[in-house]
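The values are calculated or read from the model by the stated rules, or taken from the named source; none is laboratory data. Predicted model, so just to flag it, every value in this text is computed and none were measured. Cβ placement follows ideal geometry from the backbone for every residue including glycine, while neighbour counts extend to all protein chains displayed. All accessible areas refer to the heavy atoms of the entire protein, side chains included, with ligands and DNA or RNA removed. Shrake-Rupley method; radii C 1.70, N 1.55, O 1.52, S 1.80 Å.
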Amino acid sequence: MSGARSFSAADARRLLRRARTATLSSINADDAGPYASLVNVATDVRGWPVILVSTLAWHTRNLLACPRASLMVAELPSGGDALTGARVTVMGQFSRVPAETVQRRYLARHPAADLYAGFGDFGFWRLEPARAHAVAGFGRIETIPADEMFPSADAMEALEEEAIAHMNADHEDAIQRYAAKLLAATPGGWKMAAIDPDGADLRRGSDTLRLAFDPPVQSGGALRALLARLGTDSRD
């Protein structure tokens, strides 16, 4: 790539991290052509999209027949031309994944799915990206290779659960300050539910918050330093 991107891979990935819903485009199993549907979306630690779908849904039957598909997430402006809003389409191939590898992170974004995530006709699927197409307004259009948008996050994946447990056990006061002072929520009862290089998901019952990290972190030391800084920033 020559020169700086008009819409960076990190910004495109962060948009995907913030999203709660996406448009899933799959190929109809009956050869009728593409089929678009609305799905809830989460991400794994690296940033690959994860969905939870029923075997009764058309899109699931389509993925079983042809796993090639795309997901589009968008942030629409409150008024004016909707096409000025940022959106990212991730293209690749879906595969079924065991619940234990993604369920905790998925429920951190979609607590209501706890009611049906264990049903036998529901299953988790993850999109392995091949590339992404990102648009952030006029003249800000980029096609981004998968390895640029989704760099390895092995170190963060290895420490995520331990870091969550440590924060919830030893730094509950800091988590409440993150929610109240940095995210404008009422304090009390918030738990850290997921951590990745780009941020953390906080959960209180059916409510969720996204705490963004800037810049992204890729190690335990960087994570500790950033959370300590956010703790200081959130003090009265």
key: In region 151-236, trypsin sites (Lys or Arg not before Pro) in a DSSP loop with at most 10 other beta-carbon atoms within 10 Å   = R235
message = Report the Cα centroid-to-centroid distance between region 180-236 and region 49-101 in angstrom, as an integer.
response = 26
Using θ = phi - 60° and Karplus 6.51 cos²θ - 1.76 cosθ + 1.60, couplings along region 79-88 (whole Hz; Gly, Pro as x) = x, x, 6, 4, 6, 7, x, 6, 8, 9
message = If the elastic network links every pair of Cα atoms under 10 Å, which of L202, L16, L115 fluctuates the most in the Gaussian network model of the chain?
response = L115
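Which value does Rg/Rh take for region 1-109 over its C-alpha atoms, Rh per Kirkwood?
Numbers: Rg = 15.1 Å, Rh = 15.2 Å.
Value, to two decimals: 1.00.
If each DSSP helix of 4+ residues adds -39,500 (n - 2.57) and the sum is divided by the residues in the chain, what number results at 222 nm, nearest 500 deg cm²/dmol? Mind showing how you got there, number by number?
Working: 7 runs with 70 residues, N = 236.
Calculated mean residue ellipticity at 222 nm is -8500 deg cm²/dmol.
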ask   = Using a Gaussian network model of the chain with C-alpha springs under 10 Å, which one of G139, G205, G123 is most mobile by mean-square fluctuation?
value = G139
note = Residues meeting the amide H criterion for G199 (H placed from the backbone, H to H distance under 5 Å, 5 or more places apart or on another chain) are F213
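Note down the net charge around M91, summing +1 for each Lys or Arg and -1 for each Asp or Glu among other residues with Cβ under 15 Å from its Cβ. Please list the in-between numbers first.
Working: positive: R13, R68, R87, R126, R131; negative: E128, E142, D147, E148.
Local net charge: +1.
Sort region 88-165 into rounded, prolate or oblate with this rule: let a ≥ b ≥ c be the square roots of the eigenvalues of the Cα gyration tensor; rounded if a/c is under 1.5, and if a/c is not under 1.5, prolate when a/b is larger than b/c, oblate otherwise.
On the way: a/c = 2.07, a/b = 1.57, b/c = 1.32.
Taking the square roots of the gyration eigenvalues as a ≥ b ≥ c, region 88-165 is prolate.
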message = Tell me the angle of helix 220-233 to the major Cα principal axis of the chain, expressed in degrees between 0 and 90 and rounded to the nearest ten.
response = 60
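What are the chymotrypsin sites (Phe, Trp or Tyr not before Pro) within region 66-166 that DSSP puts in a loop, where the Cβ has at most 14 other Cβ atoms within 10 Å? Provide the component values of the computation, followed by the final result.
Details: sites: F94, Y106, Y116, F119, F122, F124, W125, F138; in loops: Y116, F119, F138.
Answer in residue order: Y116, F119, F138.
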request  = Specify the residue with the greatest mean-square fluctuation among A82, A212, A136, computed from a Gaussian network of the chain linking alpha-carbon atoms under 10 Å apart.
outcome  = A82
query = For the chain, which whole-number percentage of the solvent-accessible area (1.4 Å probe, protein heavy atoms only) is attributable to carbon and sulfur atoms?
reply = 54
note = Between the Cα axis of helix 9-18 and the main Cα principal axis of the chain, the angle (0 to 90°, nearest 10) is 80
ask   = Counting Lys and Arg as +1 and Asp and Glu as -1, what is the net charge of the other residues whose Cβ lies under 12 Å from the Cβ of A179?
value = +2
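Calculate the dipole size of the chain relative to its Cα centre from +1 charges on Lys and Arg beta carbons and -1 charges on Asp and Glu beta carbons; express the result in debye to the nearest 20. Walk me through the intermediate numbers first.
Working: 26 positive and 28 negative charges, 77 e Å.
Dipole of the chain, to the nearest 20 debye: 380 debye.
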